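Laboratory data are not the source of any read-out in this text; all were calculated from the coordinates shown. Everything numeric in this text was worked out from a predicted model, so none of it was measured. When we count neighbours, we look across all protein chains shown, and the Cβ atoms used for this are built from the backbone with ideal geometry, even at glycine.
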Amino acid sequence: MSSFEENKLKHAKIEVVRAQVERFRKFYADYFHLEETVPMVEYFFETIYNLDGKEAWMHLALDTYQKVKGMMKESTRANLETLIELNNLTDHLDSEMAKLLVQRDWDGKKLSREEYDDLYKTFGHKEEREKQLEIVLHNLRTFYELAHKPISAYLIRPARFMASLLGVSLLFDSVEKAYNAVLPVSPEIFVSFIEQVERRESEYLQAAFQNGTGPREQSA
């Protein structure tokens, strides 16, 4: 692949992510403007898609973490692994959608909502999309439960110190940010939010893959 092609693919991926985040901001506009939920929705619907230091984060997830995971507390390890799984799956889907966008002779302009939806449907991969939603919902519930256990506040500092010793601070920072993002959210608002996410994302998937057949899958 030439440098020109690589650059176009990179920008196509950036545009796919931008259009996806824009959809989230429209679907969950109320929560992006409610003071106690802004950190939560920004983390789970923006930060996870635009992770700072993504290359370094992925390297730690694929290499260093595998060497030190046995030295971590089970709860910390489980939370990290669900974040890693979500990040890996999302990155894969975004990369493949970007390839399809380039194949469509994308002109570099911003995708409209209609163009993004059409790209999403044409790309397909129903089972992976359902898995992605399942992990998002699992992460939201898990981090909310963790953040609202009184003992958790006392465990964060030693966990952070251990992550530093093991060389996985960047990964642990993701866990801590998720923890802090859901901490201010009341149980009532969280329940209404999680119910809305499950309903709206399920409806979006159903519309994309109606009749159980799904759109055309991208060829290898």
Among 103-113, 184-194, the order from most to least packed when residues are scored by Cβ within 10 Å on average: 184-194, 103-113
Unsatisfied cross-links (Cα-Cα over 20 Å) in the set Lys26/Lys99; Lys26/Lys149; Lys26/Lys110; Lys8/Lys121: Lys26/Lys99; Lys26/Lys149; Lys8/Lys121
Inter-label distance, nm, simple model (7 Å from Cα along the C-beta direction), Lys26/Lys10: 2.9 nm
Residues Lys149 and Thr122, FRET efficiency given R0 of 45 Å [Cβ-Cβ distance, rounded to 0.05]: 0.55
16 Å reach of a label modelled at Leu34, 7 Å along Cα-to-Cβ, counting backbone N of region 172-194: 181-194
